[in-house]
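Notes for the one structure printed next.
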Amino acid sequence: MNRFIEFMEKYFVPIASRIGSQRHLVAIRDGFVTIMPLMILGSMAVLINNLPIGPYQDFLTNIFGGDVWKQFGGNLWEGTFQIISILVAFTIAYQLAKSYDKDVLSSGIVSVASLIIMMRPIAEGAGLPISWSGAQGLFIAIIVALVSTEIFTRLLGNERLQIKMPEGVPPAVSKSFSSLFPSMITLSIFALVEAILIGLNTPAVHQWFFNLIQAPISHLSNTLFAAILIALLIHLLWFFGLHGSNMMEPIMQAVYLPAIEANAEAFKSGAEVPYIVTKPFFDAFMYLGGTGATLALITAVLIAARNHKHYYQVSKLSAAPGLFNINEPILFGYPVVLNPILFLPFLLTPVILTVFSYTMISIGIVPKTVAFIPWTTPPVIGGFLATGSWRGGALAAINFVIAVVIYLPFVKIAARNYLQKQNEKESD
């Protein structure tokens, strides 16, 4: 492992560091880190509503009646995860403008307004499509934040577009007027683009991009290649800030939900269980702590990167939600999103786990999945429940160890890189 770490530090880390220090990627990273407290709160809200313990659910239902008690967690979720795209549109623009030493507050406001312009109402007179304000609309929100801020900050530097107020006018008023024309021009550009798209009778940009991602893989069959491709795409989308799980959900439902239903029926009737790859196959053996098997990543940090103060603190806060496969605090808190050092293990881990799990099931060591499990079912327990066998739980446990081993060298590299930067700051 030491030779591998030395090789990576010599050839991979310098490239990753240059990529990671790029202005726009730094703005995206810092924008996500800014909303970290909301992500932790939202994770707790999801856990409150979806804790997969029957007596807990029954107890609260009996006390409050029906699902009324879930409104508390639901309201917290709506104020955090449900508006994450709007939040990062502001924070990314804020951080990018800050790097240019420009008006950060106006940049954030213009970015949010530009995103709202691109969020086409579902029908005439209807409100905004709230589904695109959540994680499903993250990619478009990131692009809009970067583009709008680039336009706005450049126009802001043009003296001919600034309205100079007389002396004695409060600085806040003077600053708002100086950004009037740059704001108008920036928002007009986005409004013109949206008007052209409507005139051409094209789908909203969010829906268009969503369809573009789904179309090439909408007719996949139940094969190892298809499972690898879907695992790779889900995590590649997540790496770039898109909610890969949600974007692939229609495909997962269309391709793999019927597969688990067929397996369950065959198992009940005593016939041969037909399918290896099902939706619980991914939930039980690949999503160990959430997308990217991030509970293994947390474990690797706690083992080998305690001196990386940021990773370590985020890991401690995220461990409890991670046990129930809620990992947004990790994805946006480290962040994993657009993190060049974690790029390889985040993509490789689910692919390796998919291949290993498929092999173990295909040669008959582990039985096929025959039961649908809640997505919040903790790792290992999920493997047992999905297969109805201790061997399923054992496979999930082995997968977890494999994932930790994959993440460990990259976590060590990240920790060393972090300490080196801290030392450089102190020496300056």
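Taking a 1.4 Å probe, which of Trp238, Trp390 shows the most accessible area, and what order do the others take after it?
These residues rank, largest area first, as Trp390, Trp238.
In whole Hz, with x marking every Gly and Pro, tabulate ³J(HN,Hα) for the range 379-390 from phi via Karplus 6.51 cos²θ - 1.76 cosθ + 1.60, θ = phi - 60°.
With coefficients 6.51, -1.76 and 1.60, one gets x, 6, 4, x, x, 5, 5, 5, 9, x, 9, 4 Hz.
Sort 184-196, 106-118 by packing, meaning the average of other beta carbons within 10 Å per residue, with the highest value first.
Peptide ranking by packing, descending: 106-118, 184-196.
With r as the distance between the Cβ atoms of Leu200 and Arg391 and R0 = 60 Å, compute the FRET efficiency 1/(1 + (r/R0)^6) and round to 0.05.
Once rounded, the FRET efficiency stands at 0.60.
Tell me, what is the FRET efficiency for Arg23 and Leu323 to the nearest 0.05, using R0 = 56 angstrom and their Cβ-Cβ distance as r?
The value I calculate is 0.95.
Beyond 16 Å, what percent of the Cα pairs of the range 262-389 remain?
For the range 262-389, the fraction of Cα-Cα distances above 16 Å is 63 percent.
The values are calculated or read from the model by the stated rules, or taken from the named source; none is laboratory data. Small disclaimer: the values here were computed from a predicted structure and weren't measured. Please note: Cβ atoms are built from the backbone with ideal geometry, for glycine as well, and neighbour counts cover all protein chains shown. Surface areas here come from the heavy atoms of the whole protein model, side chains and all, with no ligands, DNA or RNA. Shrake-Rupley method; radii C 1.70, N 1.55, O 1.52, S 1.80 Å.
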